[in-house]
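Below is one structure, written out as structure tokens; comments come after it.
The values are calculated or read from the model by the stated rules, or taken from the named source; none is laboratory data. Bear in mind the structure is a predicted one, so any value in this text is a computation, not a measurement. With ideal geometry, Cβ positions are generated from the backbone for all residues, glycine too; neighbour counts draw on all protein chains shown. Surface accessibility is based on the protein's heavy atoms, side chains included, excluding ligands, DNA and RNA. Shrake-Rupley method; radii C 1.70, N 1.55, O 1.52, S 1.80 Å.
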Amino acid sequence: MKKLTITASTLLFCFILSSCTNNPDYVYSTSNYTSTQDTAVASATPVNPVRNVPWDYRVVEEEVGDLVGSDMTIIPDNTLLPNDGNYAMGDKVWILQYMDAMLTTDDDRRSQIKLSSWDTLKSFKDEKSALADLGNLKESIQTEVDLIGVYKTENAGKTREFAVLTLPSGNVVKQPISDEKYAQLKSKSKVKVTIEQVHLYDDYDQVYSKFRGWAQ
């Protein structure tokens, strides 16, 4: 009975670790894979397999085309927007554009991302005002996040190391790391990182986090 229990526990442990990589040549992980990973990878709470998140914003300079009643077209794409700034044909305007993403989670809890096309939200008379609005929607911050663990894979005799993190918006990300970084992180459960917080335009409290680097 004791041998059966040990065998079952070992198989369960290997199954949890394998969910963090698509590489069949998985080598090993550190002891940092604890109950934190169980929460992130095998939570008892059902995971919504599809969700939309705010992905990116940008500011572009374009030109007013036709005037249509109280609206205007923006060329070259002929996007129709309210003419709130009382623009004339041919005026230069700065446009705030938005992109979202559809995240799909499969049965193995791996995520696929499908990006939308750019959608125009708002016009501005000058670039400074447009960039100020952009800065409120997309911000770079340094913070401490949970480190689920680090692990290695081997392919064709070459070894690669990865770190698995949980970001503030709840999304789990995998980042390649160097041998030196692997040695630094393998005993840690928290780590400081730089992230980009992307807020939803019409519901600021909805946010998606992107990993942007390791904080010093």
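Selection of the stretch 80-119 for residues being outside any loop (DSSP other than H, G, I, E, B) and either among the small types (Gly, Ala, Ser) or more than 24 Å from VAL50 (Cβ to Cβ) (or both) yields LEU80, LEU81, PRO82, LYS92, VAL93, TRP94, ILE95, LEU96, ALA101, SER111.
Among the residues of the stretch 94-120, the ones that are under 24 Å from GLU63 (Cα atoms) and in contact with a helix residue (DSSP H, G or I) (Cβ under 9 Å, 6 or more places away or on another chain) come to 4 in all.
Picking from residues in the stretch 125-148 that are open to solvent by 50 Å² or more (accessible area, probe 1.4 Å) and in a strand (DSSP E or B), the one that is farthest from ASP84 (Cα to Cα) is ASP146. Can you tell me which of (1) assigned to a loop (DSSP other than H, G, I, E, B); (2) at pLDDT 90 or above is the one TRP55 doesn't meet? So the condition that TRP55 fails would be (1). Being touching a residue at least 60 places away in the same chain (Cβ under 8 Å), under 30 Å from GLN184 (Cα atoms), of a type in the set (A, V, I, L, M, F, W, C) and in contact with a strand residue (DSSP E or B) (Cβ under 6 Å, 6 or more places away or on another chain) is true for just one of LEU121, LEU147. Which residue is that? Residue meeting the stated conditions: LEU147. Among the residues of the stretch 50-63, just one is open to solvent by 30 Å² or more (accessible area, probe 1.4 Å), in contact with an Asp or Glu (Cβ under 8 Å, 6 or more places away or on another chain) and aliphatic (A, V, I, L, M), namely VAL59. When the stretch 64-94 is filtered for residues that are closer than 13 Å to THR120 by Cβ, open to solvent by 30 Å² or more (accessible area, probe 1.4 Å) and of a type outside the set (Val, Ile, Thr), the ones remaining, listed by number, are ASP71, PRO76, ASP77, ASN78, LEU80, PRO82, TRP94.
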